[in-house]
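Everything on this sheet refers to the single structure shown next.
The values are calculated or read from the model by the stated rules, or taken from the named source; none is laboratory data. Since the model is a prediction, treat every value here as computed from it, not as a measurement. Note that each Cβ is placed from the backbone with ideal geometry, even for glycine, and that neighbours are counted across all protein chains shown. Ligands, DNA and RNA are stripped out before the accessible areas are found, and what is left, the full protein with its side chains, is counted by its heavy atoms. Shrake-Rupley method; radii C 1.70, N 1.55, O 1.52, S 1.80 Å.
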Amino acid sequence: MLPKKPADFDPDDESPESAPLDQQVLLSLVGYNCRRAYITIMPLFEKRMAKFELRPVDFTVLSLLKANPNINQKRLSKAINVSPPNLATLLDRLEQRGLVMRQRNPQDRRSQVLALTTAGMRMCVKAEKTASELELKATEALNESERAQLIGLLQKIFMPDGDDPAR
């Protein structure tokens with residue numbers, strides 16, 4: 001039997017050609033499931049962060065600086081796995097927006113540390129609240145225990161032995 005022409009395609013057709021695809025192998029893969037969850041959540045995240053004009057990496061930087069004020073660029077770069085030159089460009093943008101500031105390190109005047117400005121702190125607090133709310137919405141099929149378990153299991157993949165990725 002020849003495949004149907006696009007004009008002959010009927011999405012309500014109950015024939016075997018319209019039956020759900022067998023994804024058994026793909027659904028058994030952690031990476032595939034992570035990716036499918038990611039592509040479900042990220043459009044919601046990007047849409048809600050648009051009101052703050054924040055990309056996911058911008059949000060990550062602000063949140064890390066809020067929780068870890070006065071860290072140096074090298075440590076931040078390692079924590080988010082962004083090359084130092086790319087991080088410098090990102091920080092320049094956030095600094096131009098008045099959200100982040102670079103200051104001389106009081107322990108080593110040759111280096112700089114990073115901190116949020118007052119405006120950056122205000123925006124970060126609002127953005128974190130928005131992110132938490134959208135995550136609850138995106139994972140509403142899970143109860144609190146399941147959500148915590150999922151987060152813990154995923155962290156075991158990228159934080160083996162409980163390592164802190166910021167180190």
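What's the number of the only condition in (1) open to solvent by 30 Å² or more (accessible area, probe 1.4 Å); (2) within 18 Å of Y38 (Cα to Cα); (3) not in a loop (DSSP other than H, G, I, E, B) that K126 fails to meet?
All conditions pass for K126, except number (2).
Quick check on my filter: what residues within the stretch 131-167 are at negative phi and modelled with pLDDT under 90? I'd like the intermediate steps shown before the answer.
Step one: filter the stretch 131-167 for residues at negative phi, giving 131-160, 163-167.
Across the stretch 131-167, the qualifying residues are F158, M159, P160, D163, D164, P165, A166, R167.
Within the stretch 58-73, track down each residue that is of a type in the set (A, V, I, L, M), assigned to a helix (DSSP H, G or I) and surrounded by 14 or more Cβ atoms within 10 Å (Cβ to Cβ).
Going residue by residue through the stretch 58-73, those that are of a type in the set (A, V, I, L, M) are 61-62, 64-65, 67, 71.
Then drop every residue that is not assigned to a helix (DSSP H, G or I), which leaves 61-62, 64-65, 67.
If the condition is that a residue be of a type in the set (A, V, I, L, M), assigned to a helix (DSSP H, G or I) and surrounded by 14 or more Cβ atoms within 10 Å (Cβ to Cβ), then V61, L62, L64, L65 are the ones that fit.
Of the conditions (1) surrounded by 12 or more Cβ atoms within 10 Å (Cβ to Cβ); (2) touching a helix residue (DSSP H, G or I) at 6+ places or on another chain (Cβ under 9 Å), K137 satisfies every one except a single condition; which number is it?
Failing condition for K137: (1).
Give L136, L76, L114 a once-over and let me know the one that is farther than 30 Å from V30 by Cα and not in a loop (DSSP other than H, G, I, E, B).
Values: L136 fails: farther than 30 Å from V30 by Cα; L76 fails: farther than 30 Å from V30 by Cα.
After ruling out the rest, the residue left standing is L114.
When you scan the stretch 99-110, do you find a residue that is on the phi < 0 side of the Ramachandran plot, under 15 Å from the mean Cα position of the chain (by Cα) and either surrounded by fewer than 16 Cβ atoms within 10 Å (Cβ to Cβ) or in a helix (DSSP H, G or I) (or both), even just one? Spell out the reasoning first.
Of the stretch 99-110, the ones on the phi < 0 side of the Ramachandran plot are 99-110.
Those still in the list that are under 15 Å from the mean Cα position of the chain (by Cα) too: none.
No, the stretch 99-110 contains no residue that is on the phi < 0 side of the Ramachandran plot, under 15 Å from the mean Cα position of the chain (by Cα) and either surrounded by fewer than 16 Cβ atoms within 10 Å (Cβ to Cβ) or in a helix (DSSP H, G or I) (or both).
Test L90 against the criterion of being surrounded by 12 or more Cβ atoms within 10 Å (Cβ to Cβ), modelled with pLDDT under 95 and in a helix (DSSP H, G or I), and give yes or no.
Details: surrounded by 12 or more Cβ atoms within 10 Å (Cβ to Cβ): yes; modelled with pLDDT under 95: no; in a helix (DSSP H, G or I): yes.
The answer is no for L90.
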